[in-house]
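The values are calculated or read from the model by the stated rules, or taken from the named source; none is laboratory data. On a predicted model such as this, the values are computed, not experimentally measured, just so you know. Neighbour counts are summed over all protein chains in view; Cβ atoms, including those assigned to glycine, are modelled from backbone coordinates with ideal geometry.
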Amino acid sequence: MPKPPQPPCTKDKETQLREQQEAEIKRRAYRENKQNARKKVKHARFEEPTDVSPVDLPRKRFYRQRAHSNPFSDHRLDYPNSPDTMDWSKMYPNFYDSELGKMTSKVEIADIGCGYGGLLTQLGPSFPESLVLGMEIRVQVTQYVEDRIIALRNKHAQDDYKYDNISVIRGNAMKFLPNFFYKSQLSKMFFCFPDPHFKQRKHKARIITNTLLSEYAYVLKEGGVIYTITDVEDLHNWMVQHLDEHPLFERLSKEWEDQDKCVEIMYNSTEEGQKVTRNKGSKWVACYRRLPNPEECV
Ligand SMILES: C[S@@+](CC[C@H](N)C(=O)[O-])C[C@H]1O[C@@H](n2cnc3c(N)ncnc32)[C@H](O)[C@@H]1O
């Protein structure tokens, strides 16, 4: 939607600069405070209650970051050498059996480029027995989602559903997915309103490409589903074209989409999707089933 014309700025440069600096100091102090709370929760042993008081839901304006992050640059990301060395226990402590010394479940649902976590917070209660993970490349956005989850867990600590099956990790899904997930581990992968990278020379940065689809097929189990939604028709056509061309994916019908509860959740729950609804934009959905590997169909 075109932006309405802005009134001319009446403040002099010095005042503007001072206000910006003051706002940044405030943002930093707020984030530091949250970071300390986050550290306490992360470093607490499972059986120890933490003294972190019920944390309020974080405020998005303190976590703003540039809209785009270059998926090809070195973000100094931490990632495990292999899924065997990934420690999920601090992220999903209620799914860790300390006597057996192992997790009782594996991550099954991944929201790739989860943004501010709207989808996670809806998928969690809909699949309370499954572990749901958001992967997000931007630092501050990931921190926002971490803080949101801490706050939800504290707020619902006494309820039947405690938001203990959702978590978020900072990561570049275009580089390291097989470091986090075993072959055929996932049953659902969501790509909601991915960055469109409009310019032709930037298309290679799109999150759906032929090569990446082979990686997604590796971590998805047979019968697993890739969900896509976007408000950019050109990107929708691109994703459909690449998925149609890939031998390990088959498009699911409109009738299937209409009866699937995740499609409805994905349509309404993400922050980007809600923005599109507010602006009365269109949303395009395409879902694909992971087919068996050719050598496995006899
Ligand atoms: C337009 S936003 C959509 C966020 C969310 N899915 C929603 O619908 O509200 C796209 C998100 O993908 C993240 N992202 C882009 N490339 C990524 C990558 N390679 N790995 C993980 N996250 C990525 C961006 O930082 C951004 O938060």
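When the criteria are applied in full, E245 fails the requirement of being at pLDDT 95 or above, within 16 Å of the ligand (Cβ to nearest atom) and surrounded by fewer than 18 Cβ atoms within 10 Å (Cβ to Cβ). Taking the criterion of being within 21 Å of R76 (Cα to Cα), surrounded by fewer than 18 Cβ atoms within 10 Å (Cβ to Cβ), in contact (Cβ under 8 Å) with a residue 12 or more places away in the chain and within 12 Å of the ligand (Cβ to nearest atom), would at least one residue in the range 162-173 satisfy it? Scanning the range 162-173 turns up no residue that is within 21 Å of R76 (Cα to Cα), surrounded by fewer than 18 Cβ atoms within 10 Å (Cβ to Cβ), in contact (Cβ under 8 Å) with a residue 12 or more places away in the chain and within 12 Å of the ligand (Cβ to nearest atom).
Note on the range 269-298: among residues that are touching a residue at least 12 places away in the same chain (Cβ under 8 Å) and of a type in the set (S, T, N, Q), the one that is nearest to L213 (Cα to Cα) is N293.
Can you find a residue that is of a type in the set (F, W, Y), touching a residue at least 24 places away in the same chain (Cβ under 8 Å), surrounded by 22 or more Cβ atoms within 10 Å (Cβ to Cβ) and within 13 Å of the ligand (Cβ to nearest atom) anywhere in the range 195-211? For the range 195-211, residues of a type in the set (F, W, Y), touching a residue at least 24 places away in the same chain (Cβ under 8 Å), surrounded by 22 or more Cβ atoms within 10 Å (Cβ to Cβ) and within 13 Å of the ligand (Cβ to nearest atom): absent.
Here is the figure for the range 103-138: residues that are within 13 Å of the ligand (Cβ to nearest atom), of a type outside the set (V, I, T) and not in a strand (DSSP E or B) total 11. Being more than 14 Å from the ligand (Cβ to nearest atom), at pLDDT 95 or above and within 15 Å of the chain's Cα centre (by Cα) is a property that does not hold for S184. Pairs linking a residue in the range 95-107 that is without any contact (Cβ under 8 Å) to a residue 60 or more places away in the chain to a residue that is of a type in the set (S, T, N, Q) and part of a loop (DSSP other than H, G, I, E, B), with Cβ atoms under 6 Å and 6 or more positions apart or on different chains, are Y96/S89; D97/T104. M189 passes every criterion in (1) away from the ligand (no atom under 14 Å from the Cβ); (2) buried (at least 23 other Cβ atoms within 10 Å of the Cβ); (3) not in a helix (DSSP H, G or I) apart from (1). Among the conditions (1) surrounded by 12 or more Cβ atoms within 10 Å (Cβ to Cβ); (2) farther than 28 Å from K199 by Cα, the only one that G223 does not satisfy is (1).
Collect the residues in the range 138-161 that are closer than 19 Å to G273 by Cβ and buried (at least 22 other Cβ atoms within 10 Å of the Cβ), keeping them in residue-number order.
V141, Y144, V145, R148
Among the residues that make up the range 62-81, is at least one of them exposed (fewer than 10 other Cβ atoms within 10 Å of the Cβ) and modelled with pLDDT of 75 or more? Yes, the range 62-81 contains a residue that is exposed (fewer than 10 other Cβ atoms within 10 Å of the Cβ) and modelled with pLDDT of 75 or more.
For D84, the requirement of being more than 30 Å from T230 (Cα to Cα), at pLDDT 95 or above and either aromatic (F, W, Y) or assigned to a helix (DSSP H, G or I) (or both) is met. Filtering E255, E264, E295, E272 for residues that are modelled with pLDDT of 95 or more and over 20 Å from T121 (Cα atoms) leaves a single hit, E255. In the range 261-273, of all residues being touching a helix residue (DSSP H, G or I) at 6+ places or on another chain (Cβ under 7 Å) and under 12 Å from D231 (Cα atoms), the one that is farthest from the ligand (Cβ to nearest atom) corresponds to Y267.
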